[in-house]
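Have a look at this one.
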Amino acid sequence: MRKGKVLVALVLFACLLLFAGTTVFADAPVLRMATTTSTDNTGLLDYLAPYANKSLGIELQWVAVGTGKALELGKNCDVDVLMVHAPETELQYVKDGYGKDRTQFMYNDFVIIGPAGDPAGARGKSVPEAMKKIRSKPALFASRGDNSGTHVKELELWKLSGIVVPQKESWYIETGQGMINTINIAAECDAYTLTDRGTFIKYESNWEGKTPLIILIEGDKSLRNQYSVIAVNPTNCSKVRYDLATEYIKWISAPEAQRLIADFKLMGKQLFIPNAGE
Amino acid sequence: MGYITGGFLKAFQLLGTGDPETYSAVFTTLKVSSLSIAASLIIGIPAGFFLGYREFRGKRQVRTFVDTLLALPTVVVGLLVYAFISRRGPFGNLGMLFTIPGIAVAQTVLVTPIVVSLTATAIEGLDERMRVTLVTLGADRFRIALASLKEAQFAVLAAAVTAYGRAISEVGVSMMIGGNIKWHTRTITTAIALETGKGEFSMGIALGIVLLLLAFIVNWGLIMLKKRA
């Protein structure tokens, strides 16, 4: 009896060692990127990474967090390159010496979505008018509330519309979650929300086109959503792979990658528009 | 409802077809939790034994402290460990952030209190007469300690199972320290969080079922071990 027990224990221990020992060590140099959830959740990075790995001979590893946290990870030297979408914040970040070589490489646009019935009557209005309608109805509005690029844009839009940024108002729901989760929450309580178009198309494809929320406002100049890549500044972080980051930034703004971005489609719709060198 | 039935079907489909992404997450989960459980048992059993067996001043305070740590939120453990192993932190040079050993260290912090507390309780629950008998039989301290642990082995095993359950099901630490990097630090739970974030609910449920199957296999193995003993 005792023998059997020892044997089982040994087998378990061997399994444990086996699992612990098979840690994969990559051969190619690793480039670490912090990025926003929208580029990851839409599948863009999964689609681009093999091409980047092949032509640069690197292994791209990314963590998908909000723009706010991505910038923070760069500040702490935990990643080598950033892919973010909050231009004002980024410029300040570069000015403060945390980032370098900021390069705009693609954009899409934000859209305001809401219940198909449009209880606030915001459809087709200009952005400030629509925000005021939602404010005064009051219809519900779901906010990311997480310092992400989309959240930063939303705060900008309230200010642009001359509205004090809502705090504890009962119609203003701060979800503190990612974009798709926020859209789902908005859909559950018939609220309006701001989303980037890429994520909305992804959401549509999950619902096979029959979504409870639809696009009500689009095409306004203030709704542009610019994505940029930024190298983490090597003078701030000595161990950072600035050489690889530079190559990656060059690669993503070169014609090959730009064409790949233009070709990336969900449900036959283009999600991002390349604009490096603009 | 569609998500749930869809999730069940997908779970078996993922496992049956040997989906590489799912298996990568499964193995990462196993690696991380095995490492952290091994470490927490090595630290936790002796510590728990000491706490349960010996009388010393301030014992009750230490016990209360350990029991309080049982309520440590995973995200707080993640934040604390992040502060230490970030390149800007005191152990930044080790390059542990976004690696499997990094997650294992943080999980060890998370689950060691479970092992300590439950082991101590098990040892305290032993019959005092056993110790007296052992002493009269002339056993030395080491022998007494071994005999006590052997007597409490099933309770200690239960501590290990509880700790394992906590380790494989937590998401806060794995997300903060691991970063959910595909093929590297993506565990089953962070994959579930990602799929939910993508709105792929049935995929999330499928992975949840995979996790439960894994827990079932581990527990079943332990039951077999108990039977043999």
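Each value in this text was obtained by applying a stated rule to the coordinates, not by laboratory testing. This is a predicted model, so every value here is computed, not measured. Please note: Cβ atoms are built from the backbone with ideal geometry, for glycine as well, and neighbour counts cover all protein chains shown.
Find the residue count for region A:115-151, including only residues that are among the small types (Gly, Ala, Ser) and buried (at least 18 other Cβ atoms within 10 Å of the Cβ).
8
Further question on the same structure: Residues B:Thr68, B:Thr74: which one is away from every other protein chain (no Cβ under 13 Å) and out of contact with any helix residue (DSSP H, G or I) (no Cβ under 8 Å at 6 or more places or on another chain)?
Within the list B:Thr68, B:Thr74, the selection yields B:Thr68.
Another question, then. Under 7 Å between Cβ atoms, at least 6 apart or on separate chains: pull out the pairs that start in region B:88-102 with a residue that is more than 21 Å from B:Ser34 (Cβ to Cβ) and end on any residue that is not acidic (Asp, Glu).
Going by the 7 Å Cβ cut-off, the qualifying pairs are B:Arg88/A:Asn76; B:Arg88/A:Cys77; B:Gly89/B:Ala83; B:Pro90/B:Phe84; B:Phe91/B:Phe84; B:Phe91/B:Ile85; B:Gly92/B:Ile85; B:Gly92/B:Ser86.
Residues to consider are A:Ser205, A:Ser222, A:Ser253; find the one that is away from chain B (no Cβ under 14 Å), touching a residue at least 24 places away in the same chain (Cβ under 8 Å) and within 19 Å of A:Leu45 (Cβ to Cβ).
A:Ser253
If you check every pair at least six apart or on different chains, which have Cβ atoms under 6 Å apart with a residue in region A:137-154 that is within 17 Å of A:Val65 (Cα to Cα) first and a residue that is among the charged types (D, E, K, R) and assigned to a strand (DSSP E or B) second?
A:Ser143/A:Glu174; A:Gly145/A:Glu174
Picking from A:Tyr248, A:Tyr227, which residue would you name as being crowded, with 21+ Cβ neighbours inside 10 Å and in contact with a His (Cβ under 7 Å, 6 or more places away or on another chain)?
Only one candidate qualifies: A:Tyr227.
Check region B:203-212 and report whether any residue there is more than 15 Å from the chain's Cα centre (by Cα), within 11 Å of chain A (Cβ to nearest Cβ) and touching a residue at least 12 places away in the same chain (Cβ under 8 Å).
Yes, some residue in region B:203-212 is more than 15 Å from the chain's Cα centre (by Cα), within 11 Å of chain A (Cβ to nearest Cβ) and touching a residue at least 12 places away in the same chain (Cβ under 8 Å).
Still on this structure: It is to be established whether one or more residues within region B:176-192 are within 14 Å of chain A (Cβ to nearest Cβ), touching a residue at least 60 places away in the same chain (Cβ under 8 Å) and under 30 Å from B:Phe50 (Cβ atoms).
Looking for residues that are within 14 Å of chain A (Cβ to nearest Cβ), touching a residue at least 60 places away in the same chain (Cβ under 8 Å) and under 30 Å from B:Phe50 (Cβ atoms), one finds at least one in region B:176-192, hence yes.
Still on this structure, I have one more. Check off (1) more than 10 Å from chain A (Cβ to nearest Cβ); (2) touching a residue at least 40 places away in the same chain (Cβ under 8 Å) for B:Ile85 and give me the number that stays unchecked.
Status for B:Ile85: all satisfied but (1).
Under 7 Å between Cβ atoms, which residue pairs at least 6 apart in sequence (or on different chains) link something in region A:76-102 that is free of Cβ contacts under 8 Å to residues at least 12 places away in the same chain with a partner that is surrounded by fewer than 22 Cβ atoms within 10 Å (Cβ to Cβ) and not β-branched (Val, Ile, Thr)?
A:Asn76/B:Ser86; A:Asn76/B:Arg87; A:Asn76/B:Arg88
Still on this structure, please answer the following. Looking at region A:181-192, which of its residues are surrounded by 24 or more Cβ atoms within 10 Å (Cβ to Cβ) and within 14 Å of chain B (Cβ to nearest Cβ)?
A:Thr182, A:Ile183, A:Ala186
OK, next. Show the residue pairs that are 6+ apart or on different chains and have beta-carbon atoms under 8 Å apart, the first residue being within region B:121-134 and without any contact (Cβ under 8 Å) to a residue 24 or more places away in the chain, the second being assigned to a helix (DSSP H, G or I) and of a type in the set (Ser, Thr, Tyr).
Listed by first residue and then by second, the contacts come to B:Met130/B:Ser148; B:Arg131/B:Ser148.
A further question on this structure: Considering every residue within region A:155-177, establish whether at least one is buried (at least 24 other Cβ atoms within 10 Å of the Cβ), touching a residue at least 24 places away in the same chain (Cβ under 8 Å) and not basic (Lys, Arg).
No: region A:155-177 contains no residue that is buried (at least 24 other Cβ atoms within 10 Å of the Cβ), touching a residue at least 24 places away in the same chain (Cβ under 8 Å) and not basic (Lys, Arg).
Separate question: Determine whether region B:104-122 contains at least one residue that is under 18 Å from B:Ser33 (Cβ atoms) and in a loop (DSSP other than H, G, I, E, B).
The answer is no, given that none of the residues of region B:104-122 is under 18 Å from B:Ser33 (Cβ atoms) and in a loop (DSSP other than H, G, I, E, B).
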